[in-house]
Amino acid sequence: MKPSIPKGTRDFSPSQVIKRNYIFDTIRQVFVKYGYQPIETPAMENLSSLTGKYGDEGDKLLFKVLNNGEYLNKSDATAFAEKDSAKFTQSVSKRGLRYDLTVPFARYVVMNQNDINFPFKRYQIQPVWRADRPQKGRYQEFYQCDADVVGSDSLMLEAELAQIYDEVFTNLGINVTIKINNRKVLFGMADAAGVADKFINMTTAIDKLDKIGMEGVTKELANRGIEPFAIKKIQEMLSVTTLKPLKDFFKNSKTGLKGIEELEEFHKYFDSKPATNTLEFDSTLARGLSYYTGCIFEVKANDVVMGSIGGGGRYDDLTGNFGLKGVSGVGVSFGAARIFDVMEELNLFPENIAVQLKCLLVAFDKPSHEYAFSVLNQLRTVGISAELYPEPAKMGKQMKYANARAVPFVIVIGSDEMNSGKLALKNMTTGEQEKYTLTELLTKLK
RNA sequence: GUGAUUGUAGCUCAGUUGGUUAGAGCGCUGGUUUGUGGUUCCAGAGGCCGCGGGUUCGAAUCCCGUCUUUCACCCCA
């Protein structure tokens, strides 16, 4: 059979894994520095924990796991006959693959609430799965790196999370714009335009502004049943790029004013430290996930065309779904695969991270091969990453291997070297070769 | 889910209006070189032309289906 992997999934070669780990390590270091603790959750969740959390669209993109055993005996024959896929699926699948890290985290918090010290700051770096059509920067299996806090309403946390974005992308060398908005501000706009009942319709329409332009948004708003005078008002508000003028619009919207207040509070904290990247208020930023209630974030790379490489926000009552009311959460997410693609495109990975093997030993014949193995052990004992070509093959072949592995040094051992105790050390970058005793080598390669 | 698009050697790709034995570069193996890679030259191995069906005397080439790739929409990291 011809080997293949499911669509939207990928294998990772050694160099790719090394690069990916570089991204993970950079992110993890910052998370740890800001006091976040690691957790992990299973790849599979009960389907009931996942469905209904991501909207109708999200439900369609959930991977379901078929029940084991004679599942057809317990299947819903009526639903099958009526071709009701959703209902039939329920009867043959009780588990699904995790769709993001936030919902499993909410579930975790509720299940472990007695052992958790609130406010609880956790980070999580694990793969998630979505049955989406793959395209640029979009896969069916990809890693997310999340940092969330539950159990505090303080806007200091929003500021801290924005700082985390700034610091991580600075460390990775990616130039980004961090966009911020507040769901309450969006609601205020709907309120001020007199279309509070069409809040969701309005936000999904204006979220597309950067893609379809103001004209497209106008059409979209009209299609979604918003009256022309309301559209005009919305347009006026969208043209505003600072917070102050919005206050006038929101005179009669309590929620809207609260949103402004939250953003101002955020800035009190965030502005105390200069940021490397740009943070900008974007009144058109909406974000689809229905559970956000306060500040929302999105990060875009400046120098490359790519969907957002990070997003997050405040959700006042996420754990409510699992029976724990009144606990607020706020978090950010990094899309590792997209960050990888951006860094690859902009050539931002440091040169030396792929070089892990320091030295390769090559031998000419059986006796020197055995001798070389003892040299190898001594190199490894002092912590030098070294390898011996497994058999005394032709020099050309062994050197070719060394070259392909991009080893900086090769130690050549034959009968001369064995007898004299002076080993030939070849520098693979310069091509120079000199003889050293073993003790000299140990200090030289350290 | 909607609309396009792709699939030929390990990799990147040629392959004429359907015509006999499907090619190239790189890589690989061996030699040139009995102790030296990233530079030469020579030789060789390697293909159910994505898969299944159909049209035809004849299909890599045309038609249908299916899977896959890439892209846009939807949505999203």
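Dividing the convex hull volume of the alpha-carbon atoms in segment A:246-338 by its residue count gives 146 Å³ per residue.
Once the Cα atoms are used to define both axes, helix A:209-223 deviates from the longest principal axis of chain A by about 30 degrees.
Cross-link pairs exceeding 21 Å between alpha carbons, from the set A:K184/A:K233; A:K60/A:K211; A:K19/A:K60; A:K74/A:K94; A:K53/A:K247: A:K60/A:K211; A:K19/A:K60; A:K53/A:K247.
Full extension of the chain segment joining A:N171 with A:F199 gains 6.3 nm, where the gain is 0.36 nm per residue of separation less the Cα-Cα distance. For chain A, the longest principal axis of the C-alpha atoms and the axis of helix A:336-346 are separated by about 70°. Each of A:R138, A:R338 was scored by other Cβ atoms within 10 Å of its Cβ. Listed from fewest to most, they are A:R138, A:R338. The order of A:L50, A:L72, going from fewest to most other C-beta atoms within 10 Å of their C-beta, is A:L72, A:L50. Rounded to the nearest Hz, the phi-derived 3J(HN,Hα) couplings of segment A:295-301 under the Karplus curve 6.51 cos²θ - 1.76 cosθ + 1.60 (θ = phi - 60°) are 4, 10, 10, 8, 10, 10, 6, where x marks glycine and proline. In chain A, the longest principal axis of the Cα atoms and the axis of helix A:183-192 are about 30 degrees apart. The 3J(HN,Hα) values that the Karplus relation (6.51, -1.76, 1.60; θ = phi - 60°) gives for segment A:388-398 are, in residue order, 10, 4, x, 9, x, 7, 4, 3, x, 5, 5 Hz. Gly and Pro appear as x.
Taking amide H as placed 1.01 Å from N in the peptide plane, the amide H of A:N67 sits under 5 Å from that of A:S93, A:K94, each at least 5 places away or on another chain.
Could you calculate the FRET efficiency of A:K273 with A:N302 from 1/(1 + (r/R0)^6), where r is the beta carbon distance between them and R0 is 22 Å, rounded to 0.05?
0.60
With a simple spin-label model that places each label point 7 Å from the Cα along the Cα-to-Cβ direction, the separation between A:Q16 and A:A131 comes to 2.4 nm.
For segment A:348-373, list residues with backbone N below 20 Å from a point placed 7 Å from the Cα of A:A404 toward its Cβ? Answer for segment A:348-373: A:354-364.
Comparing chain A with the 2.2 N^0.38 Å rule of thumb, its C-alpha radius of gyration ratio is 1.28 (two decimals). In this simple spin-label model, placing a label point 7 Å from the Cα along the Cα-to-Cβ direction at both A:K74 and A:N117 gives a separation of 4.1 nm. Across segment A:316-323, coupling constants 3J(HN,Hα) worked out from phi with the 6.51/-1.76/1.60 Karplus curve, θ = phi - 60°, read 5, 9, 5, 6, x, 4, 9, x Hz, and Gly and Pro carry x.
The sum of -39500 (n - 2.57) across all DSSP H runs of n ≥ 4, divided by the residue count of chain A, sets its helix-only mean residue ellipticity at 222 nm to -12500 deg cm²/dmol. One chain, two ends: A:E265 and A:T41. Fully extended at 0.36 nm per residue, the span grows by 77.3 nm beyond their Cα-Cα distance. Taken over segment A:336-384, the percentage of Cα pairs per 10 Å bin, counting from 0 up to the bin with the maximum distance, is 21, 29, 18, 19, 14, 0. Sorted largest first, the principal axis extents computed over the alpha-carbon atoms of segment A:287-446 equal 77, 37, 26 Å.
All of the numbers you see were taken from the coordinates with simple rules; none came from a lab. As the structure is a computational prediction, the values presented were derived from the model and not from experiment. Cβ atoms come from the backbone with ideal geometry, glycine included; neighbour counts cover every protein chain shown.
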